[in-house]
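The values are calculated or read from the model by the stated rules, or taken from the named source; none is laboratory data. All values reported here derive from a predicted model rather than from experimental measurement. Neighbour counts run over all protein chains shown; Cβ positions are idealised from the backbone, glycine included.
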Amino acid sequence: VICICHCTWLYYYFHLRTVNLFTSRQGFTLNIFFRFLTVQCCGHQSTFSVCDASILEHYSKAPGHKHVPDWVWIVVGILNFVAYTLDGVDGKQARRTNSSTPLGELFDHGLDSWSCVYFVVTVYSIFGRGSTGVSVFVLYLLLWVVLFSFILSHWEKYNTGILFLPWGYDISQVTISFVYIVTAVVGVEAWYEPFLFNFLYRDLFTTMIIGCALCVTLPMSLLNFFRSYKNNTLKHNSVYEAMVPFFSPCLLFILSTAWILWSPSDILEIHPRIFYFMVGTAFANITCQLIVCQMSSTRCPTLNWLLVPLFLVVLVVNLGVSSYIESIILYTLTTAFTLAHIHYGVRVVKQLSSHFQIYPFSLRKPNSD
């Protein structure tokens with residue numbers, strides 16, 4: 001569903017530019033290009049991230065577990081860099097064309113929250129699951145480090161009104177794109193060898209992810225929170241209200257981890273990618289609700305309703321089910337989460353568009369010619 005939605009979006013993105021290129025005159029094309037880019041590019045990070053993960057997923061299931069071809073790493077590296085670049089210029093273009101609205105912020109950061117799972121899973125496809133790679137459970141924990149780092153910045157804005165985006169994200173995206181290209185040149189086998197004593201490259205990546213979260217994101221968010229408290233500019237004075245945005249993510253972590261530990265068929269080993277996607281989709285829905293609340297200065301909901309079916313699933317799994325039934329439950333729950341999240345996004349976009357009297361994918365106003 002995600003691939004279809006974003007690929008359709010991407011088709012119109014390039015199609016309209018091609019039409020403008022051959023029908024415009026006297027430099028009008030360039031202006032239209034950048035104006036249209038404003039309302040389109042915020043979604044392409046997810047488009048290219050999904051493409052990255054889909055390509056690697058295809059080759060990971062190839063007969064005989066063949067290595068991913070070199071050309072795939074080149075494509076993935078280019079797509080990752082394009083996604084990162086578009087994610088960085090959308091806000092600037094929106095301000096340039098005087099079209100910056102809370103709807104654009106929701107599109108930007110809402111899709112970013114959904115892209116987290118693709119970034120983490122895709123980059124660790126380099127190392128695999130062998131002795132020089134990471135286990136599916138370790139990768140699951142690293143995914144949560146990234147997810148909590150992401151929501152921490154929005155928790156900060158929910159309480160202080162200021163969104164701090166650390167440079168660690170920019171460094172990581174440039175590094176990831178570079179690693180993909182290097183992999184195409186030297187092959188995946190180069191990453192299996194230790195680069196310093198017995199310290200493997202996978203350990204370096206893991207250290208970077210955890211170090212960035214603990215040494216950059218967390219300290220800066222707490223520092224900005226303390227400054228706001230000291231200046232008496234916090235939006236929520238009680239500790240309970242300030243910590244409400246963490247309730248649903250923490251409960252999601254507890255429930256998903258309990259499912260992994262109590263799974264009679266070791267579900268994470270059988271379907272790691274679909275399980276990551278299920279967790280990432282539920283997290284994205286929680287984050288989007290937080291973004292809407294911080295933009296509208298309303299109270300964040302204590303409990304996300306997607307956690308209710310997940311809780312029931314964990315109870316059923318704990319009672320004991322067959323491997324086939326558990327797999328069906330996982331795919332059904334993932335599908336339900338995906339459809340529910342898309343429905344939520346469509347409804348919110350329609351409401352915001354109506355409120356601000358704008359079109360979601362156009363700079364033209366509803367009352368303009």
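Within 27 Å of residue 107 (Cβ to Cβ), hydroxyl-bearing (Ser, Thr, Tyr) and buried (at least 18 other Cβ atoms within 10 Å of the Cβ), is that true of residue 281? Give the steps one after another, and end with the answer.
Working: within 27 Å of residue 107 (Cβ to Cβ): yes; hydroxyl-bearing (Ser, Thr, Tyr): yes; buried (at least 18 other Cβ atoms within 10 Å of the Cβ): yes.
Judged against the criteria, residue 281 is a match.
Note on the range 88-124: residues that are closer than 17 Å to residue 274 by Cα, at pLDDT 80 or above and of a type in the set (A, V, I, L, M) total 3.
For every residue, the table says whether it meets (1) in contact with a Ser or Thr (Cβ under 8 Å, 6 or more places away or on another chain); (2) acidic (Asp, Glu); (3) over 23 Å from residue 101 (Cβ atoms); (4) in a helix (DSSP H, G or I).
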site	(1), (2), (3), (4)
273	no, no, yes, yes
278	yes, no, yes, yes
310	yes, no, yes, yes
330	no, no, yes, yes
352	yes, no, no, yes
360	yes, no, no, no
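If you go through the range 229-277 and keep only what is among the hydrophobic types (A, V, I, L, M, F, W, C), under 27 Å from the mean Cα position of the chain (by Cα) and under 30 Å from residue 160 (Cα atoms), you end up with 242, 243, 244, 246, 247, 250, 251, 252, 253, 254, 255.
Condition first: part of a loop (DSSP other than H, G, I, E, B), crowded, with 22+ Cβ neighbours inside 10 Å and at pLDDT below 90. Can you find one or more residues in the range 125-144 that meet it? Checked the range 125-144: at least one residue is part of a loop (DSSP other than H, G, I, E, B), crowded, with 22+ Cβ neighbours inside 10 Å and at pLDDT below 90.
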